[in-house]
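Everything below concerns the one structure shown next.
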Amino acid sequence: MTVKEFAEQSGFRIINLADNAGEVLIRQAYCCDLLSIAMTKVPEGAAWVTVMSNINTLAVASLTEAACVIVAENAAADAEFAEKAKAQGITVLHTEKPVFDAALMVHEGL
Amino acid sequence: MSDTIKLQYTVSTDDFTRAGEASGDVKRKLKKMGSAPEVVRKVAIAMYEGEINMVIHANGGTIDVEITPEEILMVLQDSGPGIADVEKAMQAGYSTAPDRVRALGFGAGMGLPNMKQYSDEMEIETTIGVGTKVTMKVFQT
Ligand SMILES: Nc1ncnc2c1ncn2[C@@H]1O[C@H](COP(=O)(O)OP(=O)(O)OP(=O)(O)O)[C@@H](O)[C@H]1O
Ligand SMILES: [Mg+2]
């Protein structure tokens, strides 16, 4: 499933849809909120579900080459966050669902 | 040596808006130069954690990177408070991160252990009240 397909299927709010979202494949779901754990553990091509919606999340997503970031639990995501996601070319989706439920939706769509 | 690439980055105080940019830049350059994916990953992790520590715990600093066909040398220098007990700081889970940065997702106490694990050589020189210098190497082969 591509990032774009998941964005459409899930109905999650799109904070940023990267230009390559139609080509990048989601290979698995990954959940973690602590950045220095995620830094070594985010699998390449993961849809990373987290409640940490700040620019540091984006830095780690970019360095680990996550397929996309899913901000769960309706965590606050401001304009600066959206701008940075756009600048870095990272797809970011937003949902009120809890972390597990959002990740399960990714998993079931694989 | 002609095939040595030298890079320098300034990491500014509490500048979360740019934190990760230096490591991101080095990662891109290594990829372009055709370094092995595992080497690129090791450098990205080790340097990112060091860069972030300079922002969170010291008052920023400078990072010098030297890339040769044999290795990537990273020297991170700050004039922050220094580390009182390096052995303790190296322990997984040990963190003095203040609440305001914990709220951003930092403070697992995994940064230094990651740097140790993902670099091939690492040395910390630190003096209380003067600063900290972290030297890391990742071998290309
Ligand atoms: N450059 C530095 N200057 C001063 N103290 C530092 C520096 N780097 C690390 N420390 C000290 O070492 C501790 C452990 O660092 P480490 O990177 O492992 O964890 P952390 O930064 O607290 O959390 P994490 O990296 O998991 O987000 C820090 O909490 C801090 O007390
Ligand atoms: Mg750290």
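Of all residues in segment A:1-46, how many are part of a loop (DSSP other than H, G, I, E, B) and polar (S, T, N, Q)? Steps first, answer last, please.
Within segment A:1-46, the first condition is being part of a loop (DSSP other than H, G, I, E, B), and the residues that meet it are A:1, A:11-12, A:17-24, A:26-27, A:32-34, A:42-45.
Checking which are polar (S, T, N, Q) leaves us with A:20.
So the count comes out to 1.
Quick one: how many residues across segment B:24-39 are more than 10 Å from every other protein chain (Cβ to nearest Cβ) and under 11 Å from A:THR64 (Cα atoms)?
0
Given the residues A:ASN16, A:ASN20, which is the only one that is open to solvent by less than 60 Å² (accessible area, probe 1.4 Å), more than 15 Å from B:ALA103 (Cα to Cα) and either more than 14 Å from chain B (Cβ to nearest Cβ) or of a type in the set (Phe, Trp, Tyr) (or both)? Explain how you work it out, then say what you get.
Numbers: A:ASN20 fails: open to solvent by less than 60 Å² (accessible area, probe 1.4 Å).
Result of the check over A:ASN16, A:ASN20: A:ASN16.
Note down all Cβ pairs under 7 Å where the first residue falls in segment B:50-73 and is under 22 Å from A:LEU35 (Cα atoms), the second is more than 11 Å from ligand 2 (Cβ to nearest atom) and among the charged types (D, E, K, R), and they're at least six residues apart or on different chains.
Qualifying pairs under 7 Å: B:MET54/B:ASP78; B:VAL55/B:ASP14; B:VAL55/B:ASP15; B:ALA58/B:ASP78; B:ASN59/B:ASP78; B:GLY60/B:ASP15; B:GLY60/B:ASP78; B:GLY61/B:ASP78.
Find the helices (runs of 4 or more DSSP H) located wholly in segment B:71-141 whose residues include 3 or more that are at pLDDT 95 or above and more than 14 Å from chain A (Cβ to nearest Cβ), and list them.
Numbers: elements: B:86-89, B:99-102, B:111-118.
Fully inside segment B:71-141 and qualifying: B:86-89.
Checking the condition open to solvent by less than 60 Å² (accessible area, probe 1.4 Å) and away from ligand 2 (no atom under 16 Å from the Cβ), which residue from B:GLU71, B:GLU51, B:GLU66, B:GLU38 passes? Talk me through it step by step, then tell me what you get.
Numbers: B:GLU51 fails: away from ligand 2 (no atom under 16 Å from the Cβ); B:GLU66 fails: open to solvent by less than 60 Å² (accessible area, probe 1.4 Å); B:GLU38 fails: open to solvent by less than 60 Å² (accessible area, probe 1.4 Å).
Of B:GLU71, B:GLU51, B:GLU66, B:GLU38, the one residue that is open to solvent by less than 60 Å² (accessible area, probe 1.4 Å) and away from ligand 2 (no atom under 16 Å from the Cβ) is B:GLU71.
Are there any pairs with C-beta distances below 8 angstrom linking a residue in segment A:12-36 that is over 15 Å from A:ALA67 (Cα atoms) to a residue that is open to solvent by 20 Å² or more (accessible area, probe 1.4 Å) and at pLDDT below 95, with the two at least 6 apart or on different chains, and if so which?
A:LEU35/B:LEU104
Across segment B:126-141, which residue is nearest to B:VAL75 (Cα to Cα) among those that are exposed (fewer than 14 other Cβ atoms within 10 Å of the Cβ) and not hydroxyl-bearing (Ser, Thr, Tyr)? Spell out the reasoning first.
Taking segment B:126-141 as the starting set, the residues that turn out to be exposed (fewer than 14 other Cβ atoms within 10 Å of the Cβ) are B:127-130, B:139, B:141.
The next check asks that each one be not hydroxyl-bearing (Ser, Thr, Tyr); those that pass are B:128-130, B:139.
Details: B:ILE128: 19, B:GLY129: 19, B:VAL130: 16, B:PHE139: 15 Å.
Of everything passing the filter in segment B:126-141, B:PHE139 is nearest to B:VAL75 (Cα to Cα).
For segment B:1-23, what are the residues that are at pLDDT below 95 and facing chain A (nearest Cβ under 10 Å)?
Selection gives B:PHE16, B:THR17, B:ARG18, B:ALA19, B:GLY20, B:GLU21.
When the residues of segment A:23-39 are narrowed to those that are open to solvent by 20 Å² or more (accessible area, probe 1.4 Å) and facing chain B (nearest Cβ under 8 Å), which ends up farthest from ligand 2 (Cβ to nearest atom)? Break it down into steps so the answer makes sense when it comes.
Let us first name the residues in segment A:23-39 that are open to solvent by 20 Å² or more (accessible area, probe 1.4 Å), namely A:23-25, A:27-34, A:37.
If we keep only those that are facing chain B (nearest Cβ under 8 Å) too, we end up with A:33-34, A:37.
Numbers: A:ASP33: 15, A:LEU34: 11, A:ILE37: 11 Å.
That would be A:ASP33.
The values are calculated or read from the model by the stated rules, or taken from the named source; none is laboratory data. Keep in mind the model is a prediction, meaning the values are calculated, not measured. Counting neighbours? That spans all protein chains shown, and the Cβs are built from the backbone with ideal geometry, glycine included. Areas reflect the complete protein model, heavy atoms only, side chains present, ligands, DNA and RNA absent. Shrake-Rupley method; radii C 1.70, N 1.55, O 1.52, S 1.80 Å.
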